[in-house]
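*Asks:* Next up is a structure, given as structure tokens.
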């Protein structure tokens with residue numbers, strides 16, 4: 001929360017302000033604290049002179065800079081008010097994501113992110129107050145003090161300015177001072193966005209980027225625990241090369257949607273019989289030695305550590321596969337085999353369910369002494385091959401070559417990783433590991449986490465700075481929007497001062513009510 005300015009334009013007395021003010025002797029103290037039942041603050045005075053000298057030295061530049069900010073802030077005031085009204089009357093669940101992003105809020109902030117939020121808030125508030133202080137200094141107004149406060153349960157900050165000097169200035173000059181905080185927060189967002197965009201170039205001497213996401217953490221609760229470890233590099237998902245975390249999540253989402261789309265038929269055991277099956281060319285000799293289904297409670301299952309595979313018949317891939325009739329159930333049972341998935345994934349692929357498989361009219365692309373077998377899965381489960389490598393130059397090169405080599409034999413031979421199969425909810429699997437697109441060129445200690453820390457910090461500063469700018473743009477009591485609206489109303493010369501005051505109060509009351517309704521609705525959406 002950013003605090004209200006203590007001295008307002010066109011106010012009767014600086015001592016009637018909502019928040020406490022300093023006495024004439026307090027300005028000589030470097031710091032001073034005020035504590036009361038519902039309010040406490042910490043006032044800083046030693047920055048007054050440095051800020052004043054800095055603003056006066058570059059006064060010409062800052063006047064131009066903050067004049068641009070006036071136009072931006074006024075546009076933002078009306079835009080935010082329109083968005084709030086639109087959110088109340090026309091917002092729907094499909095627009096919630098855009099609404100949350102616009103205001104910088106996220107309903108999924110965890111306790112572990114508290115440090116990012118606190119530090120980012122300090123940065124965003126400091127940038128905001130620095131804008132007010134420098135804008136005032138460029139106009140020759142001395143900052144009385146800077147205060148950090150807690151009013152009831154809400155933290156905030158403010159700069160105290162001399163009200164008499166403000167009233168003596170032209171209205172547009174006063175508007176520059178009041179709009180400076182919002183303008184600086186917008187500039188902070190732009191800097192953070194540019195830094196995020198240029199991060200791969202800035203870190204290029206120390207990190208590679210986009211050559212495969214590296215695993216930072218695999219929690220013990222993750223379904224990939226025991227398969228992946230910190231420092232492993234994801235090479236491909238179902239044979240498709242993965243460059244970064246975005247590719248990882250996008251591919252997982254695609255496979256999940258594809259499985260839901262194709263898993264529209266079931267056989268007599270309740271297993272899926274979809275179009276677009278993933279298969280492996282299994283030698284007939286292995287099939288003859290395979291275990292058969294075991295009947296348990298009138299259900300056919302494979303023994304432990306073995307996976308059920310069904311024979312894919314040669315057919316036109318464009319023709320849907322019909323559900324088997326009761327007469328053909330005995331033949332279906334005979335086409336099922338229980339095999340070790342670890343051995344099967346090393347074989348050549350067949351079927352039309354693979355992303356990298358190209359077939360013409362038939363899905364039978366195996367040799368004469370081989371049969372195309374496909375894993376039989378329960379509805380909703382996804383069969384995914386994950387190829388990974390170890391972080392060494394030799395292993396990284398093998399990882400690139402593994403895209404065309406599904407067996408992963410070189411990985412195993414050089415102890416560089418390999419290929420394993422995950423069966424289950426692919427979205428939960430993808431979200432259960434922490435990845436980074438940046439890989440250190442040399443050591444792999446704390447430096448491996450540094451890009452993610454910087455990236456997350458910049459994103460947090462961006463969102464909180466955006467939130468601060470938007471909140472202070474609201475035409476509500478006790479925020480910058482009140483001061484901006486107060487000065488803007490003074491430009492309506494056709495009204496008497498008394499009528500202008502009434503118009504101001506109506507606008508502030510309406511803006512406050514609309515803002516309360518909008519945010520109450522937003523929090524209800526978060527909770528429910």
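*Asks:* Using the structure shown, decide if residue 444 is surrounded by 18 or more Cβ atoms within 10 Å (Cβ to Cβ) and within 30 Å of residue 245 (Cβ to Cβ). Steps first, please.
*Replies:* On the way: surrounded by 18 or more Cβ atoms within 10 Å (Cβ to Cβ): no; within 30 Å of residue 245 (Cβ to Cβ): yes.
No.
*Asks:* Scan segment 81-93 and tell me whether some residue there is in the same structural domain as residue 187 (by TED's automatic domain parsing), modelled with pLDDT under 95 and within 21 Å of residue 176 (Cα to Cα). Explain how you work it out, then say what you get.
*Replies:* Here is the first cut: in segment 81-93, the residues in the same structural domain as residue 187 (by TED's automatic domain parsing) are 81-93.
Cutting the leftovers down to modelled with pLDDT under 95 gives us 81-93.
So of that shortlist, the ones also within 21 Å of residue 176 (Cα to Cα) come out as 81.
Scanning segment 81-93 turns up at least one residue that is in the same structural domain as residue 187 (by TED's automatic domain parsing), modelled with pLDDT under 95 and within 21 Å of residue 176 (Cα to Cα).
*Asks:* Next up: Only residues that are at pLDDT below 85 and part of a loop (DSSP other than H, G, I, E, B): list them for segment 491-516, please.
*Replies:* 491, 492, 493, 494, 495
*Asks:* Still on this structure: Among the residues of segment 110-125, which ones are out of contact with any strand residue (DSSP E or B) (no Cβ under 9 Å at 6 or more places or on another chain) and either touching a residue at least 24 places away in the same chain (Cβ under 8 Å) or outside any helix (DSSP H, G or I) (or both)?
*Replies:* If the condition is that a residue be out of contact with any strand residue (DSSP E or B) (no Cβ under 9 Å at 6 or more places or on another chain) and either touching a residue at least 24 places away in the same chain (Cβ under 8 Å) or outside any helix (DSSP H, G or I) (or both), then 110, 113, 116, 117, 119, 120, 123, 124 are the ones that fit.
*Asks:* Here is a further query. Between 420, 523, which is surrounded by fewer than 20 Cβ atoms within 10 Å (Cβ to Cβ), assigned by TED's automatic domain parsing to the domain that holds residue 195 and at pLDDT below 90? Outline the logic, then answer.
*Replies:* Details: 420 fails: assigned by TED's automatic domain parsing to the domain that holds residue 195.
Exactly one of 420, 523 is surrounded by fewer than 20 Cβ atoms within 10 Å (Cβ to Cβ), assigned by TED's automatic domain parsing to the domain that holds residue 195 and at pLDDT below 90, namely 523.
*Asks:* Go through segment 354-372 residue by residue and tally those that are more than 40 Å from the chain's Cα centre (by Cα) and either outside any loop (DSSP other than H, G, I, E, B) or modelled with pLDDT under 50 (or both). I'd like the intermediate steps shown before the answer.
*Replies:* Of the residues in segment 354-372, the ones more than 40 Å from the chain's Cα centre (by Cα) are 360-372.
Okay, now just the ones that are also either outside any loop (DSSP other than H, G, I, E, B) or modelled with pLDDT under 50 (or both), so 360-362, 370-372.
The qualifying residues number 6.
*Asks:* Can you tell me which residues in segment 229-252 are on the phi < 0 side of the Ramachandran plot, touching a helix residue (DSSP H, G or I) at 6+ places or on another chain (Cβ under 7 Å), touching a residue at least 60 places away in the same chain (Cβ under 8 Å) and not in a strand (DSSP E or B)? Outline the logic, then answer.
*Replies:* So the first thing to find is which residues in segment 229-252 are on the phi < 0 side of the Ramachandran plot, and the list is 229-230, 232-237, 240-252.
In the following step, the residues that additionally are touching a helix residue (DSSP H, G or I) at 6+ places or on another chain (Cβ under 7 Å) were identified as 233-237, 240-242, 248-249, 252.
Checking the rest, the ones that are also touching a residue at least 60 places away in the same chain (Cβ under 8 Å) come to 233-237, 240-241, 248-249, 252.
Across segment 229-252, the qualifying residues are 248, 249, 252.
*Asks:* Could you run through segment 126-159 and say how many residues are touching a residue at least 24 places away in the same chain (Cβ under 8 Å), under 29 Å from the mean Cα position of the chain (by Cα) and assigned to a loop (DSSP other than H, G, I, E, B)?
*Replies:* 0
*Asks:* Assigned by TED's automatic domain parsing to the domain that holds residue 492, within 21 Å of residue 451 (Cβ to Cβ), crowded, with 19+ Cβ neighbours inside 10 Å and in contact (Cβ under 8 Å) with a residue 40 or more places away in the chain, is that true of residue 192? Reasoning before the result, please.
*Replies:* Numbers: assigned by TED's automatic domain parsing to the domain that holds residue 492: yes; within 21 Å of residue 451 (Cβ to Cβ): yes; crowded, with 19+ Cβ neighbours inside 10 Å: yes; in contact (Cβ under 8 Å) with a residue 40 or more places away in the chain: yes.
Here the answer is yes, as residue 192 does meet what is asked.
The values are calculated or read from the model by the stated rules, or taken from the named source; none is laboratory data. The model shown is predicted, which means the values in this text are computed figures rather than measured ones. We place every Cβ from the backbone using ideal geometry, glycine too, and count neighbours over all the protein chains shown.
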